[in-house]
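The values are calculated or read from the model by the stated rules, or taken from the named source; none is laboratory data. What you are looking at is a predicted structure, and each value in this text was computed from that prediction instead of being measured. Just so you know, the surface numbers come from the protein's heavy atoms only, side chains and all, with ligands and any DNA or RNA stripped out. Shrake-Rupley method; radii C 1.70, N 1.55, O 1.52, S 1.80 Å.
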Amino acid sequence: MPKNYMIGNWKMNQTSEEITSFFSDLKLENNQNNFWIAPQTLHIDKCLALASTTGVLIGSQNCSDQDHGAFTGEVSTDTLMEMGAHFTLVGHSERRAYFQESDAFINSKVAKAIEKGLVPVLCVGETLEEREADKTFDIVLGQVKSGLDSIELNNEAELIVAYEPVWAIGTGKTASPEQAEEVHSKVRDLLVELYGETGKDISILYGGSVKPNNVKELLEKTNINGGLVGGASIKAESFSELCAACSL
Ligand code: PGA
């Protein structure tokens, strides 16, 4: 069975003071190392220190595909590991759209993260135009295939895939559980094609306007194994509620 995860993507939000309050207000039960947060890179160290008593695992929103050297502004996987980070988002739609990240580049980041021992959370999803042109499956499955090109896995815990329809991110328009499951089940078939038995257990998260009031119905679907959450992960109360729903 795939494990259920709740991952908060804080994007470029949160002051240092807000982070301190977040961790002191967080109420988590039944934590199975499956509640994760990706703060701004500059806050990773602080979050690692504050999260240690909560059991929340901390990761990065992005990483470099290079080991080290002259790559101004990049986020090193070695340094993330050295600090104690656990995972990295890769290929978030905002990185694809605003920073022109290509499938090939994303694939090399997935490879680098796994090589160094970080769990890549590979984000995929179609735009509204692509959905309306009936291209959802082509786009999403194409992004999964390219993102995982030549990637070998030892076990299911080395990778998470997150389906985030671009039209649902930050818009308040969640995909219906049926719309999401339709895509998730195709992604599941592809993961099984690529990784056999291991593919059955890789977690596939849904992202895009997940909130405490819609998370339960999404998580009821067979192939929705948790959420990747932006806006609703920023306040301790709502992130705690999301985690509680994820543990049910
Ligand atoms: P949202 O963001 O929950 O604010 O829609 C999700 C994401 O971008 O990961």
Students often get this wrong, so check it: of Lys46/Lys145; Lys109/Lys200; Lys112/Lys173; Lys109/Lys145; Lys11/Lys211; Lys112/Lys235, which have C-alpha atoms separated by over 26 Å? Lys46/Lys145; Lys112/Lys173; Lys112/Lys235
List the residues, sorted by chain then number, that are 5 or more residues from Ala162 or on another chain and whose placed amide H is less than 5 Å from its amide H. Leu122, Cys123, Val124, Leu205
Pop out the ³J(HN,Hα) list for segment 172-187 in order, Karplus 6.51 cos²θ - 1.76 cosθ + 1.60 with θ = phi - 60°, rounded to Hz; leave Gly and Pro as x. x, 9, 7, 5, 5, x, 5, 4, 5, 4, 4, 6, 4, 5, 5, 5
Give me the 1.4 Å probe accessible area per residue for the chain, excluding ligands and nucleic acids, in Å². 46
What three numbers, in Å, describe the spread of the alpha carbons of segment 1-126 along their principal axes, ordered from the longest? 40, 37, 26
Under-5 Å amide H pairs with Glu101, H placed in peptide plane, nonlocal only: Arg96
Where the Cα atoms of segment 1-70 are projected onto their three principal axes, how long is each span, largest first, in whole Å? 43, 38, 18
Given a 1.4 angstrom probe, I'd like the percentage of the accessible area of the chain that is carbon and sulfur, rounded to a whole number. 49
What is the gain in length, in nm to one decimal, between Asp78 and Ser102 on full extension, counting 0.36 nm per residue of separation less the C-alpha to C-alpha distance? 6.4 nm
Can you list the HN-Hα couplings for segment 45-54, worked out from phi with the Karplus curve (6.51, -1.76, 1.60; θ = phi - 60°), rounded to whole Hz and with x for Gly and Pro? 4, 4, 5, 4, 5, 6, 7, 4, 7, 9
Pair-distance profile P(r), taking every C-alpha pair of the chain, with 10 angstrom steps and integer %: 8, 34, 39, 18, 1
